[in-house]
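Inspection log for the structure reproduced underneath, given as structure tokens.
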Amino acid sequence: MTDKPETKLPSGKLSPEALKRNVLSYNGAPRPEVLIGPGVGEDAAVIKWPEGKYMVFASDPIVGAESGAGRLLVRINSNDIASKGGDPAYLAVTLILPPSFGEEGAARIMREIDEECRAQGIAVAGGHTEFNDRYDRPVIMGALVGTADKVMRAKDISEGDLLIVTKHIGIEGMSILALDRPDLLSPFMSKAEIAEILSWSEMTSVLAESRLLRPFAKFMHDPTEGGFMGGLDEICSLCGLRAELDRESLAIHPLTRRAAENLSFDPLHLIASGSMLAVVPERHAQEALSALAAAGIEAAVAGRMGGKLEAPLPEPAEELWRLLKMEKKDAR
């Protein structure tokens with residue numbers, strides 16, 4: 001059985017009634033400061049801005065994905081807001097869908113967006129929906145606005161500040177691998193172990209640790225492309241300081257280690273959403289770790305910031321895309 005409708009829609013916008021039924025009914029969490037939200041004939045949202053707050057803005061797309069695309073759209077944008085110490089608040093969604101998706105396809109994506117937004121306290125404040133026969137896979141764009149109490153700047157990082165890393169390395173990359181290429185994992189993992197890795201997709205949000213770390217952190221980063229090392233190099237390039245990394249302190253799950261050994265990849269270069277990298281003054285590090293532990297979030301000090309960065313860092317290497325294209329016979 002499939003969720004997709006049998007009737008293909010023509011290119012263009014949904015009718016007003018279909019739009020109300022399949023898109024505009026999914027508004028995420030109610031926020032009273034959204035004075036004008038999504039509606040037929042409304043060209044833009046109107047939001048009463050909280051006094052004394054900073055606006056944090058992020059925008060990222062999901063291209064081609066179908067299963068879980070709406071949930072993922074919210075999380076990748078929310079993680080960017082959280083990394084700046086902000087609370088995600090107002091989301092605008094652009095859906096450009098193949099006509100074969102029909103009304104139910106639009107509604108399915110919007111239901112996922114609505115559920116994740118409600119879980120995170122985000123209002124869907126506006127957007128755009130259309131069907132376009134130039135596309136055979138969905139293109140979904142999120143523009144997310146959040147509020148923050150302070151500004152986090154990389155220039156405030158100092159030599160001696162500590163690097164705190166939450167959860168374990170490679171959460172998102174491993175969950176994608178288990179979803180898209182379980183055939184690569186099955187020669188050395190059981191079905192139960194692959195299912196466990198699949199469940200890691202529920203750990204990809206970093207909003208909870210952001211809220212705990214922001215009182216102490218000078219800077220936070222959600223390491224995505226290039227994995228943990230790519231994210232760390234980006235911080236070093238921004239602040240102009242090198243990192244003194246304690247690799248033994250980095251949490252790498254035993255299943256990730258086993259996959260890395262059998263598929264010959266470096267887990268530190270595997271896309272790593274779900275793990276927050278925070279730069280914290282040494283005097284606040286223990287308090288920050290205690291706050292995370294009290295909330296049941298694993299974390300460790302993985303090194304400290306050193307002296308001046310003397311040479312440009314290499315471009316980040318990402319392991320996931322190579323793995324997804326790997327032939328099964330290429331694995332050990």
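Considering the range 296-322 alone, what residues qualify as being in a loop (DSSP other than H, G, I, E, B) and out of contact with any helix residue (DSSP H, G or I) (no Cβ under 6 Å at 6 or more places or on another chain)? Outline the logic, then answer.
We begin by selecting, within the range 296-322, every residue in a loop (DSSP other than H, G, I, E, B); these are 296-298, 309-319.
Those that are in a loop (DSSP other than H, G, I, E, B) and out of contact with any helix residue (DSSP H, G or I) (no Cβ under 6 Å at 6 or more places or on another chain): 296, 298, 310, 311, 312, 314, 315, 318.
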Original post:
Hey, among 143, 154, 148, which residue is closer than 30 Å to residue 249 by Cα and surrounded by fewer than 22 Cβ atoms within 10 Å (Cβ to Cβ)?
Top reply: 154
Subject >> The lone exception for residue 127 - which of (1) modelled with pLDDT under 95; (2) surrounded by fewer than 16 Cβ atoms within 10 Å (Cβ to Cβ); (3) assigned by TED's automatic domain parsing to the domain that holds residue 83 it fails >> reply: (2)
Original post:
Restricting attention to the range 39-59, which residues are within 22 Å of residue 129 (Cβ to Cβ) and assigned to a loop (DSSP other than H, G, I, E, B)?
Top reply: 39, 40, 41, 42, 43, 44, 45
**OP:** From (1) outside any loop (DSSP other than H, G, I, E, B); (2) out of contact with any Gly (no Cβ under 8 Å at 6 or more places or on another chain); (3) of a type outside the set (Val, Ile, Thr), pick out the condition that doesn't hold for residue 77.
**Re:** (2)
Subject >> Residue that is surrounded by fewer than 19 Cβ atoms within 10 Å (Cβ to Cβ) and assigned to a strand (DSSP E or B), where the choices are 62, 96 >> reply: 96
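Out of all the residues in the range 275-284, is one or more farther than 24 Å from residue 181 by Cβ and free of Cβ contacts under 8 Å to residues at least 40 places away in the same chain?
Going through the range 275-284, the residues farther than 24 Å from residue 181 by Cβ turn out to be 276-284.
Those left that are additionally free of Cβ contacts under 8 Å to residues at least 40 places away in the same chain: 283.
Within the range 275-284 (the criterion being farther than 24 Å from residue 181 by Cβ and free of Cβ contacts under 8 Å to residues at least 40 places away in the same chain), the answer is yes, since at least one residue qualifies.
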Original post:
Between residues in the range 222-234 that are at positive phi and part of a helix (DSSP H, G or I) and residues that are crowded, with 22+ Cβ neighbours inside 10 Å and among the charged types (D, E, K, R), which pairs lie under 9 Å by C-beta distance while being six or more apart or on different chains?
Top reply: 227/319
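Each row is one residue, and each column tells you yes or no for (1) out of contact with any helix residue (DSSP H, G or I) (no Cβ under 9 Å at 6 or more places or on another chain); (2) not in a strand (DSSP E or B).
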position: 126; (1), (2): yes, no
position: 129; (1), (2): no, no
position: 136; (1), (2): no, yes
position: 141; (1), (2): no, no
position: 144; (1), (2): no, no
position: 152; (1), (2): no, yes
position: 155; (1), (2): no, yes
position: 158; (1), (2): no, yes
position: 165; (1), (2): no, no
**OP:** Tally the residues that are within 20 Å of residue 246 (Cβ to Cβ) and surrounded by 12 or more Cβ atoms within 10 Å (Cβ to Cβ), restricting the search to the range 291-329.
**Re:** 14
Original post:
Do we have residue 176 as closer than 25 Å to residue 72 by Cα and in a helix (DSSP H, G or I) here?
Top reply: yes
Original post:
Are any of the residues in the range 256-278 over 12 Å from residue 163 (Cα atoms) and touching a strand residue (DSSP E or B) at 6+ places or on another chain (Cβ under 6 Å)?
Top reply: yes
**OP:** Tell me, yes or no, whether the range 237-251 has at least one residue that is of a type outside the set (Asp, Glu), assigned to a helix (DSSP H, G or I) and within 18 Å of residue 170 (Cβ to Cβ).
**Re:** yes
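The values are calculated or read from the model by the stated rules, or taken from the named source; none is laboratory data. As the structure is a computational prediction, the values presented were derived from the model and not from experiment. As a convention, Cβ positions derive from the backbone with ideal geometry for all residues, glycine included, and neighbour counts pool all protein chains shown.
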